[in-house]
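A.B. asks: Here it is, the structure in full.
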């Protein structure tokens, strides 16, 4: 009689401590939350990108100078932007001001844009906000962005801004139309004075803002509503090439709270 013996290898897995189990659960939760946030942000961008425009002027038929960004705030072609964009254009070139507006949305971000003339409706130089109007907007994909409440913004809140930094240079370098998104958080809030009765005057975020972003919308990730309008970036003299007048960007950008624009929009 033959006896068959079967050996079973048993591997003992050390039991996880409560802190280790909590760490694993937290890590998985963080990954799921991160995936959810990125999916939400992508959806948000696709919802509003056709309402964001570049602003420039045409000194000659074959030349375009892009000076900033803007965004649609009404169903009749009104565009909100920074007042300094309008002010910095020479007086004789202001009749040649135009907005670069999306007219066709395509796969892989190969969207088509068209230059459409704009005119000034009104501006508030103190708040650095201007309201423009397209002379024609039928046949475009322009749609207004939803306006939020900048008085409810909190430090640490997740935001993003979307505009056309270095747009002309990127087009000349063969990159085509380049609508660029930056994700950030609100770093701090400032008021016109040192008491709560004064209006909020600045929203600072912890992201580099480049030339061409002025006038673009600052948007709350959670609600996808505009809470500010980018108007300033902070730069310091280059330490690499101190003999040249080159300014290196700092990781701080400033936006005007959108509530400051509501008087222009309601008037």
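Bear in mind that the values in this text are calculations on the coordinates, not laboratory data. None of these values were measured; they are calculated from a predicted model. With ideal geometry, Cβ positions are generated from the backbone for all residues, glycine too; neighbour counts draw on all protein chains shown.
A.B. asks: Measuring from label point to label point, each 7 Å out along Cα→Cβ, what is the residue 47 to residue 199 span in nm?
C.D. replies: 2.7 nm
A.B. asks: What distance in nm separates the simple spin-label points at residue 155 and residue 87, each placed 7 Å from Cα in the Cβ direction?
C.D. replies: Here the modelled spin labels are 2.9 nm apart.
A.B. asks: Return the FRET efficiency for the residue pair residue 106, residue 74: r is the Cβ-Cβ distance, R0 is 30 Å, and the value is rounded to the nearest 0.05. Working shown, then result.
C.D. replies: Details: r = 26 Å, r/R0 = 0.86.
Given R0 = 30 Å and the Cβ-Cβ separation, E is 0.70.
A.B. asks: Another question about this same structure. Can you tell me how much longer the chain between residue 173 and residue 39 gets when fully stretched, taken as 0.36 nm per residue apart minus their C-alpha distance, in nm with one decimal?
C.D. replies: Numbers: separation 134, 0.36 × 134 = 48.24 nm, distance 3.08 nm.
Gain on stretching residue 173 to residue 39: 45.2 nm.
A.B. asks: Rounded to the nearest 0.05, what FRET efficiency do residue 114 and residue 183 have when you use their Cβ-Cβ distance and R0 = 25 Å?
C.D. replies: Numbers: r = 28 Å, r/R0 = 1.13.
Calculated transfer efficiency: 0.30.
A.B. asks: Quick one: go through the stretch 125-155 and flag any residue whose amide nitrogen is under 19 Å from the point 7 Å out along the Cα-to-Cβ line of residue 191.
C.D. replies: 127, 149-155
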